[in-house]
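Taking it in order: structure first as C-alpha cells, then the write-up.
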Amino acid sequence: MSDTRRRVKVYTLNEDRQWDDRGTGHVSSTFVERLKGISLLVRAESDGSLLLESKISPNTAYQKQQDTLIVWSEAENYDLALSFQEKAGCDEIWEKICQVQGKDPALEITQDPIDESEEERFEEMPETSHLVELPPCELARLEEIADLVTSVLSSPIRREKLALALMSEGYMKKLLQLFQVCEDLDNREGLHHLYEIVRGVLFLNKAALFEVMFSDDCIMDVVGCLEFDPSLVQPKKHREFLTKTAKFKEVIPITDSELRQKIHQTYRVQYIQDIILPTPSVFEENFLSTLTSFIFFNKVEIVSMLQEDEKFLTEVFAQLTDEATEDGKRRELVNFFKEFCAFSQTLQPQNRDAFFKTLANLGILPALEIVMGMDDLQVRAAATDIFSYLVEFSPSMVREFVMQEPQQTDDDVLLINVVIKQMICDSDPELGGAVQLMGLLRTLIDPENMLAPTNKTEKTEFLSFFYKYCMQVLTVPLLASTVDEKNCKDLQEGSTKINPVCPDNFQTAQLLALILELLTFCVEHHTYHIKTYIMNKDLLRRVLVLMNSKHTFLALCALRFMRRIIGQKDEYYNRYIVKGNLFEPVINTLLDNGTRYNLLNSAIIELFEFIKVEDIKSLIAHIIDNYYKALESIEYVQTFKGLKGRYEQEKDRQTLRLNSRYRRDARTLDEDEEMWFNEDEDDDGEAIEKSRPEEEFPESYGKYMEAKKRGCQRNQRCQLQASHLAHLCRQSQRLPSHVGSATRHHGSQGELSLSTAILVAKTAMVGLVDYPDDEDEEDEDEEQSPRKRPRLGS
C-alpha cells in the first residue's frame with residue numbers, strides 16, 4: 001500500500017457537470033468472485049475502506065487523458081475518474097484495462113458507444129475505410145477540412161479516428177500557422193473556415209489535442225481563430241482583452257515558472273469555455289466534458305503547488321496584516337485569497353481540511369476583522385466571500401476563535417459584531433450582502449452543528465457568549481425602530497417625509513425583516529437564552545409595534561415571531577403574553593384588515609386556530625375574557641366560536657370538579673366521624689382490659705388507678721371532640737346545624753357543655769373570614785411559585 005505509483009484520487013461527475021472528490025487511496029486490479037470478473041478496487045489510504053469497486057466491462061469505453069487520468073462511464077449519468085499520482089501507475093492500470101478488453105494500449109480510448117445501424121455499416125466497409133484521410137494543410141483546402149471536421153461530430157468512432165489523425169505529424173500546429181497567414185492577408189473566408197475547424201476540434205473532446213492547443217505557443221492562435229465567428233459582422237477582440245485588459249497581478253512574486261505557466265493556461269482556457277464558446281445545446285452537453293475536466297485538474301494542481309511553497313503563504317499573510325500595507329496592496333491580497341479559497345473547493349476533503357487549517361494558523365480570521373471594516377466595498381465583498389468559505393468549512397473553528405476574542409479586544413471589534421454591523425450598514429438597496437451575512441450568522445448560531453462529540457460544551461459556551469456580547473448589537477435597529485409606538489405613529493401622520501428610523505422606510509423594513517427572521521430562528525432553537533432575552537427586553541411587545549407597518553411583509557415577520565413563541569407551548573411565554581395584553585395589536589390588525597382575504601388575514605386566523613387545536617387553556621381564557629366581543633362577529637371561519645366552545649367546556653369541567661370535591665369531602669367527614677366513635681369505644685374497652693392487675697396490686701390501689709384512667713379518658717374525648725367540631729365548621733361552612741347537632745349529641749352524654757361547643761365553634765369560624773392580609777400572603781405564595789399555571793377565571 002506504500003507504492004505511490006498506485007496512489008489515486010477517485011472522482012465522480014455530479015449533475016452540474018462538476019467533479020466531486022470521493023477520496024484518496026491505492027488502486028489494484030483483481031478478480032472479484034461476486035462480480036465474476038477482473039475489477040478495479042480502490043481502498044482508502046486513511047482507514048482501508050473500499051472507495052471504488054468497478055468491474056472492467058468489455059463494452060465500457062475507457063479514456064486515458066493527460067497521462068495520469070483514466071475516465072469512464074458506468075451508467076448513463078454516472079461518470080468516474082481516477083487521477084494517478086504517477087504516470088507509471090496510470091500506464092499499468094491502462095494496460096490491464098486494455099488487456100481485459102483486447103485493445104491496443106497505444107490508444108487513448110478503448111471504444112466508443114455507437115448505435116447498431118452505424119456499427120453494421122462500418123462492419124460492411126473494408127478495413128481501410130475506417131481511417132480518416134486529412135486533406136493537405138493548405139489555404140485552398142480549408143473549406144474541405146472544415147466540412148470534414150463538422151461531418152464527424154455525429155459519429156463517436158469517427159471522432160476518435162479524426163483525433164488520431166490530427167495528432168499525427170503536427171497537423172494542429174500547421175493549421176494554426178495558416179491562421180496567421182489568413183489574418184495577415186485579411187482572408188475572411190479562410191478565417192471563417194478556421195473558426196469552424198477549431199470549434200469542431202474542441203468538440204472532439206480529446207485531452208491530447210487540448211495539450212497541444214492550450215500550450216503557450218498555440219493558445220493565443222486558438223483564441224484568434226475563435227474571434228472570427230461567421231455569424232458576427234465584426235470579429236471579437238478576445239486576444240486584446242487577454243493581453244492588455246486582463247492583467248496578471250502577482251501580490252507576491254511567484255518564482256516557480258511551471259506554476260506561473262499553469263495559472264496563465266487555466267485562466268485562458270476558462271475564458272475560452274465561459275466567454276468565447278457558445279452555450280452548448282442539449283445534444284452538445286457532453287462534447288466539452290473533457291475541457292471541464294482539464295480546467296478542474298489544473299486548479300487542483302495550482303492549489304497543491306501553492307500549498308507546497310512554504311514561504312509564499314507566510315509572506316502573503318505578513319503583508320495582509322501589516323498596518324503599513326497600502327490599501328491598494330491589501331485589496332489585491334484579499335482578492336488573491338478569495339480566488340485561492342475558490343480554487344481550494346476542488347481539493348479532496350483531507351487536503352481541503354489541511355488547507356483551511358493552514359489559513360487559520362496563519363491568521364486569516366484576525367485579518368478578516370481588519371479588511372471587513374474597510375470602506376472599500378469591493379474589499380468588504382471579497383472578505384465576506386472568504387468568511388463564507390471558512391464558515392461553510394468549519395463553523396466550530398470560527399466559533400472557537402470568536403469566543404477567545406473578549407479576552408483580547410473590545411466588544412465593538414469582535415468578529416461577529418463586525419459581521420453584524422456590516423449586515424446592518426449594507427448600502428445595497430436590495431440588501432444582497434446583508435442576506436448573505438444573515439445566512440452565515442444563522443449557520444454559526446445553529447445548535448445542529450454544535451453537537452460534535454469532541455466538544456460537548458460548545459453549545460452552552462457559545463450561546464452564552466453570543467447573548468452576552470452580540471445579541472444586543474443585532475437588535476439595535478429593531479429596538480430603535482420600536483422605541484415609542486406613539487411617536488412613530490405621530491411621525492407618520494404629521495409629516496410627508498419618511499423618518500429613517502420608522503419601519504415604513506423600505507430598506508429599514510427589509511433589514512428588520514432579516515433580523516426578525518434570525519430572532520424567530522433563535523426562538524425555535526435557543527430555548528433558555530432567547531426566552532430570558534425576550535422577557536428582559538420586553539421584546540415581543542416591541543416587535544408587535546411593527547404590525548402597524550405599511551409593508552405587509554414586515555407585519556407578517558412580526559406575526560411569525562409571535563406565532564413561533566406561542567408554538568413553543570411554554571407557560572412562561574403564555575403568562576408573559578397574558579400579562580402584557582399582547583394579543584391586542586394582533587386583533588387590531590385583524591379588525592383593520594376588514595373583509596380582505598389576504599395572507600395577513602390567513603396568518604392571523606392560523607395563529608388563533610393553533611391555540612384552539614392545541615387547547616392552550618391560559619391563552620383561550622385570556623382571549624375570550626378580553627376580546628370575544630370584538631371577535632364574535634367574525635363568522636366566515638369557526639375559529640373564534642371554537643375558542644368560545646373550548647372556554648365553556650373548561651368552565652364546565654372546573655364546576656364539576658369543584659362539586660365532586662365537595663361531595664367527596666362531605667362523605668369523608670361522615671365516615672371519619674363514625675370511625676372516631678368506633679375507635680373511642682374500642683379504646684375504652686382496651687383501657688379497661690389493660691387496667692386489671694388483680695394479681696399484682698392490692699384491691700384499693702387497683703380501684704384508684706381505674707378511677708384515674710376514666711378521668712383521663714373523659715378529658716381526651718373532650719379535646720378530640722372540640723377539635724373535630726372546629727374541623728367540621730371550616731370544611732363544610734354549615735356551622736349552625738353542625739354545632740347544634742354536635743352539642744345536642746355530646747350534651748346527652750354529659751361530656752361537653754353547650755357553652756364549650758359554642759366557644760369552639762367561634763374559634764373555628766376565624767378561618768372562614770377573608771382579610772386583606774391573607775390575600776397578600778396568597779399573592780406572595782404565587783410569586784414564589786412561578787410554575788403555577790394561572791386559573792382560567794382570573
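The values are calculated or read from the model by the stated rules, or taken from the named source; none is laboratory data. None of the values given here were measured: they were computed from a predicted structure. Reconstructed Cβ throughout: ideal geometry from the backbone, glycine too, with neighbour counts over all protein chains shown. What goes into the accessible areas is simple: the full protein's heavy atoms, side chains included, and nothing from ligands, DNA or RNA. Shrake-Rupley method; radii C 1.70, N 1.55, O 1.52, S 1.80 Å.
PRE reach from Asp20 (point 7 Å along Cα→Cβ): which of the range 307-348 fall under 16 Å by backbone N? Flagged as within label range: 345-348.
Checking every one of the chymotrypsin sites (Phe, Trp or Tyr not before Pro) in the range 170-250 against DSSP loop status and a limit of 14 other Cβ atoms within 10 Å picks out Phe248.
Note on Asn449 and Ala106: with the Förster distance fixed at 60 Å, the Cβ-Cβ geometry gives a FRET efficiency of about 0.70. Using a cut-off of 22 Å between Cα atoms, the listed pairs Lys537/Lys579; Lys579/Lys641; Lys64/Lys96; Lys550/Lys617; Lys531/Lys569 include Lys579/Lys641; Lys550/Lys617 as exceeding that distance. Solvent-accessible area assigned to carbon and sulfur over the range 568-667 amounts to 51 percent, based on a 1.4 Å probe.
Please label the shape of the range 133-298 as rounded, prolate or oblate, based on the square roots a ≥ b ≥ c of the eigenvalues of the alpha-carbon gyration tensor (a/c under 1.5 means rounded; beyond that, a/b larger than b/c means prolate, else oblate). Cα axes put the range 133-298 in the prolate bin.
Between Ala88 and Asp147, the modelled label-to-label distance comes to 5.1 nm, taking each label 7 Å out from Cα in the direction of the beta carbon. Computed over protein heavy atoms with a 1.4 Å probe, the accessible surface of the range 212-364 works out to 50 Å² per residue. By definition, a body whose alpha carbon gyration tensor gives a ≥ b ≥ c is rounded when a/c is under 1.5, and the range 4-101 falls into this rounded group. In a fully extended conformation the segment linking Gln350 and Thr457 would gain 35.9 nm over its present Cα-Cα distance, using 0.36 nm per residue. A straight chain from Ile275 to Thr12 at 0.36 nm per residue would run longer than the Cα-Cα distance by 92.1 nm. For the set Lys161, Lys55, the ranking by accessible area, highest first and with no ligand, DNA or RNA atoms included, is Lys55, Lys161 under a 1.4 Å probe. Taking packing as the residue-averaged number of other Cβ atoms within 10 angstrom, the listed peptides 26-36, 421-431, 541-551 run from highest to lowest as 541-551, 421-431, 26-36. Compared with the direct C-alpha span, the chain from Leu139 to Thr245 gains 34.9 nm at full extension, assuming 0.36 nm per residue. The residues of the range 4-101 have, on average, 48 Å² of accessible surface per residue, using a 1.4 Å probe with all protein chains present. When the pairs Lys421/Lys468; Lys103/Lys206; Lys161/Lys236; Lys87/Lys311; Lys206/Lys338; Lys299/Lys421 are compared against a 25 Å limit on Cα-Cα distance, Lys161/Lys236; Lys87/Lys311; Lys206/Lys338; Lys299/Lys421 fall above it.
Nonpolar atom fraction for the range 1-49, defined as the carbon and sulfur part of the 1.4 Å probe accessible area, stands at 45 percent.
For the range 547-658, the solvent-accessible area works out to 49 Å² per residue, with a probe of 1.4 Å and every protein chain left in place.
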